[in-house]
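Asker: Sharing a structure here in structure tokens format.
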Amino acid sequence: MNIVASHARGKVAVDKIFGAGAKAQQAVNLVGREKVINGAQGVLLDENEKLICLPTVEKVLRNLSTVDLISYAPIKGLPEYLNDVIDITFDEYKPEAYIESIATAGGAGALHHTIWNYSEIGDTILTSDWFWSPYRVLCQEALRKLDVFALFDADLKFNLEDFKNKTLSLLKKQDNLLVILNTPAHNPTGYSLSGDDWDAVLAVCKDYAKNKDKKITLLIDAAYLDYTGDPEGKKFFEKFANLPPNILVILAVSMSKSYTLYGQRTGAMIGISSDKEAMQEFVNVNEYTSRATWSNVNRGAMKTLATIYRDKSLLYDVQRERNDFLKIIQERARLFIAEAEQVKLGTLPYIAGFFMTIPTAKPDEICDQLNKDNIFLVPLDKGVRIAVCAIPSNKIPGLAAAVNKAILAMDK
Ligand code: PLP
């Protein structure tokens, strides 16, 4: 007998990311931390494998008044946060458009609201074949389907052709199309769409949007926006100026990675449109959905961002501290890629961010094999994800060779 309602039957959250993390912890308990490589977690760990909190963020958060820490916040979000999260996200690259923001429970909250409010029940949502696995859960929970286009072509370049074909075939079947693009510093590959990729994607969308019955929402999951290390990493935002009114862009931003406040569950959705009314509607419907989902989000975290943004020396310190850690991640990635090249282990194009991916047909078997050597990585549908954000530099040497050995053993 099922006691749950029919739409809830059979739901079981199997999370391979947390699963691999739990196995790694068991190994640590058994053989000690030094002997274990835990490349499963998507959080920043320092070179001693300690969870990092950016020191200035911690200082600001801990110095908040009790009232700011415990009070409710407005459902939309604190007014200063709503303003500052827009400015801090765009820097000097704010597009010419109407722009509004709504506070959300992390980036995941922004994904949730966008799926709910910008696709029809039963619609298919499009993302790339390499994707953060909760996308599927978020879509299914909202009674939507998820389809994918191939992110890379045979030359490991952005696969515009497949993007175009999948977009067109879905728009033939449905009037609303929601496309989720996780860039820059994509999880799990570390790829970032280039300026040219963006021009091509927007040209495709503008072409299909000539049919005014069709509405395209581009949801840019920018959870890793602050970890590109590229001074022009936000320049693509300018391209969202003067889009046709039936193309809406929503940015999902998060304080989880940018401010190392993962558990404080604070982010925002930022709407960008050439249509003023679409932006008023954006505020109305998403505020309503917040009320119906979690009510309001963490006031202390929102206040922390506003306090940092309004004091240029605090802002400078946060950016400096984040960049110091970013350099550590970049160095770990550089080490891994150099060794991967030596042993001829193929990686997907890594540009920046917390993760890189080794494509393979037998991800589960390879991860199981690596577990025997106390190496814990995350099996994906078509590859193995390595969290360079969490593996200290001294554990990187030999890792590419170990993965390669496991792959070769499977191929035998
Ligand atoms: N999007 C991607 C690609 C992520 O990797 C994550 C977190 O791991 C998120 C969104 C959302 O994170 P949060 O809800 O903690 O902001």
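The values are calculated or read from the model by the stated rules, or taken from the named source; none is laboratory data. As the structure is a computational prediction, the values presented were derived from the model and not from experiment. We place every Cβ from the backbone using ideal geometry, glycine too, and count neighbours over all the protein chains shown. These accessible areas exclude ligands, DNA and RNA; they are computed on the full protein's heavy atoms, side chains included. Shrake-Rupley method; radii C 1.70, N 1.55, O 1.52, S 1.80 Å.
Asker: If we keep just the residues of the range 309-334 that are open to solvent by 30 Å² or more (accessible area, probe 1.4 Å) and under 30 Å from LYS76 (Cβ atoms), which is nearest to the chain's Cα centre (by Cα)?
Answerer: My answer is GLN319.
Asker: Can I ask one more? So if I check each of ALA292, ALA338, ALA306, which one is modelled with pLDDT of 95 or more and crowded, with 18+ Cβ neighbours inside 10 Å?
Answerer: Among ALA292, ALA338, ALA306, only ALA306 is modelled with pLDDT of 95 or more and crowded, with 18+ Cβ neighbours inside 10 Å.
Residue by residue, here is whether (1) of a type in the set (S, T, N, Q); (2) free of Cβ contacts under 8 Å to residues at least 24 places away in the same chain; (3) assigned to a helix (DSSP H, G or I); (4) open to solvent by less than 20 Å² (accessible area, probe 1.4 Å) holds:
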residue	(1), (2), (3), (4)
ASP230	no, no, no, no
GLY233	no, no, no, yes
GLU238	no, no, yes, no
LEU243	no, no, no, yes
ILE250	no, no, no, yes
SER256	yes, no, yes, yes
THR260	yes, no, no, yes
GLY263	no, yes, yes, no
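Asker: Identify, from the list LYS234, LYS257, LYS172, LYS239, the residue that is within 16 Å of the ligand (Cβ to nearest atom) and out of contact with any strand residue (DSSP E or B) (no Cβ under 9 Å at 6 or more places or on another chain).
Answerer: Exactly one of LYS234, LYS257, LYS172, LYS239 is within 16 Å of the ligand (Cβ to nearest atom) and out of contact with any strand residue (DSSP E or B) (no Cβ under 9 Å at 6 or more places or on another chain), namely LYS257.
Asker: I'd like to verify a number: residues in the range 265-282 that are closer than 20 Å to ALA108 by Cβ, open to solvent by less than 10 Å² (accessible area, probe 1.4 Å) and either without any contact (Cβ under 8 Å) to a residue 60 or more places away in the chain or not in a strand (DSSP E or B) (or both), how many?
Answerer: Adding up the residues that qualify gives 2.
Asker: Same structure, new question: Only one of (1) more than 16 Å from the ligand (Cβ to nearest atom); (2) assigned by TED's automatic domain parsing to the domain that holds ASN176; (3) within 24 Å of CYS389 (Cα to Cα) fails for ARG320. Which number is that?
Answerer: (2)
Asker: If I filter the range 198-217 for residues that are open to solvent by less than 30 Å² (accessible area, probe 1.4 Å), touching a helix residue (DSSP H, G or I) at 6+ places or on another chain (Cβ under 7 Å) and within 16 Å of the ligand (Cβ to nearest atom), do I get at least one hit?
Answerer: no
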